[in-house]
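Take a look at the structure below.
The values are calculated or read from the model by the stated rules, or taken from the named source; none is laboratory data. Note that the structure is predicted; figures quoted are calculated from it, not measured. Methodologically, a virtual Cβ is constructed for each residue, glycine included, from the backbone with ideal geometry; neighbour enumeration extends over all protein chains shown.
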Amino acid sequence: MRQNPIRQNPIRQNPMRQNPFRRPRAAAFLAASAALLVSGCGLQPATSYVPEAGPGSIEVLEGAEGEPLTVTSKNFTEQLILGKISVLAASAAGFEVTDLTNVPGSQPVRELLLSGDADVTLEYTGTAWLTYLGQESGIPDQEEQWQAVHDADLDNNLIWGRPAPLNNTYALAVRTEALADLGNITKISQLAELPVEERTFCIESEFNSRSDGMNPLLKHYGLTRGAPDGVPDANIGIYDTGAVYSATDSGDCNFGEVFSTDGRIDALDLTVLEDDRMFFPAYNVAPVFGAEVLEEHPGLEEVFAQIAPELTDETMRQMNLLVDVEGQEPADVAFDFMVEKGFISDPGEG
């Protein structure tokens with residue numbers, strides 16, 4: 001077992017992949033959860049360790065050695081992995097890191113940052129814009145969405161670092177083996193070129209009624225739901241959460257509603273269609289820092305800027321798959337990613 005030199009916050013793990021678009025839980029429960037986290041109460045999870053890291057391209061920042069820094073994250077698979085990446089990065093930069101990852105819910109993570117009880121997290125631009133900042137609609141252009149949350153959060157003493165290509169938003173996916181029969185479709189706009197009988201969809205009930213869901217999507221791409229020459233209602237199947245992936249894979253429909261970084265896309269050999277007319281809101285992941293920590297240690301932003309370009313949808317799908325499908329620990333997956341990219345090294349090798 002690799003040893004963990006990082007201080008841990010003992011919280012029960014929820015290992016299931018969760019939907020980042022879900023509304024937060026009731027405010028009273030969230031407040032209680034945050035209080036539990038800060039107090040350090042709870043059970044020790046299976047993933048409450050971070051492997052010891054050797055030197056790599058991330059260098060110790062001047063003045064950071066031994067300085068306290070608290071990293072936080074939410075508690076679904078992708079966030080657990082990203083949280084451990086953040087812990088490893090901050091530790092390699094010389095900080096004495098408190099690991100406050102595995103927080104149950106978006107709002108408690110936000111409150112930890114606003115209160116100064118946490119210094120950095122990796123957050124989604126769309127989540128901040130819609131959930132925290134109360135905007136009514138997302139911005140499909142990824143750079144514009146990042147700039148909007150960056151500018152708005154300056155008033156909250158939070159600073160957004162540069163975003164990663166990783167964009168955990170809605171998408172449509174198709175069975176790879178069915179592509180040839182569908183004219184090798186690669187873009188959502190090409191749905192209009194298919195025969196009506198081939199325009200079949202598997203979607204969740206929430207997506208069926210969302211303002212950024214099925215009906216507006218079809219309209220945006222020039223298709224009419226319910227019309228015989230558009231997408232007849234009989235062509236749309238409504239499934240329970242999570243069942244869309246298996247239904248799409250088994251051929252119950254040609255196109256399934258998925259999340260673009262879900263590991264099941266690769267596990268089931270699905271192909272994601274390009275949102276070529278930019279309908280879906282942008283949910284790029286980016287580091288969010290408390291302003292005070294960057295005032296004291298401005299080089300920390302550059303540490304995370306090194307990592308951001310390597311966090312892509314494809315890379316995240318593979319890491320999620322390793323945890324959700326193959327049962328690996330999020331900390332080990334994060335460690336292997338950081339070693340592979342040269343940000344840190346494995347002290348057990350060489």
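Observations on the structure shown:
- Residue identified as of a type outside the set (Asp, Glu), under 23 Å from residue 320 (Cβ atoms) and modelled with pLDDT of 50 or more among 72, 47: 72
- Of all residues in the stretch 159-196, those satisfying the criterion of being of a type in the set (Val, Ile, Thr), touching a strand residue (DSSP E or B) at 6+ places or on another chain (Cβ under 7 Å) and either assigned to a helix (DSSP H, G or I) or more than 21 Å from residue 217 (Cα to Cα) (or both) are 159, 176, 188.
- Against the criterion of being in a loop (DSSP other than H, G, I, E, B), aliphatic (A, V, I, L, M) and in contact (Cβ under 8 Å) with a residue 24 or more places away in the chain, residue 282 qualifies.
- Residue in the stretch 154-164 that is out of contact with any helix residue (DSSP H, G or I) (no Cβ under 6 Å at 6 or more places or on another chain), at pLDDT below 95 and among the polar types (S, T, N, Q) present: no
- Pairing residues of the stretch 317-335 that are closer than 15 Å to residue 87 by Cβ with residues that are charged (D, E, K, R), at Cβ distances under 6 Å and at least 6 apart in sequence or on separate chains, gives 330/84; 331/84; 334/84.
- Selection from the stretch 193-224 of residues that are more than 30 Å from the chain's Cα centre (by Cα) and either surrounded by fewer than 16 Cβ atoms within 10 Å (Cβ to Cβ) or of a type in the set (Lys, Arg) (or both): 193, 194, 195, 196, 197, 224
- Residues in the stretch 151-191 that are basic (Lys, Arg), more than 30 Å from residue 86 (Cβ to Cβ) and out of contact with any Gly (no Cβ under 8 Å at 6 or more places or on another chain): 187 alone.
- Answer from 302, 326, 292 - the residue that is farther than 21 Å from residue 99 by Cβ and assigned to a helix (DSSP H, G or I): 302
- When the residues of the stretch 99-142 are filtered to those that are of a type in the set (D, E, K, R) and surrounded by fewer than 24 Cβ atoms within 10 Å (Cβ to Cβ), the one that is nearest to residue 156 (Cα to Cα) is 111.
- Close contacts from the stretch 242-254, counting a first residue that is surrounded by fewer than 20 Cβ atoms within 10 Å (Cβ to Cβ) and a second that is polar (S, T, N, Q), with Cβ to Cβ under 9 Å and a gap of 6+ residues or different chains, come to 252/200; 252/246.
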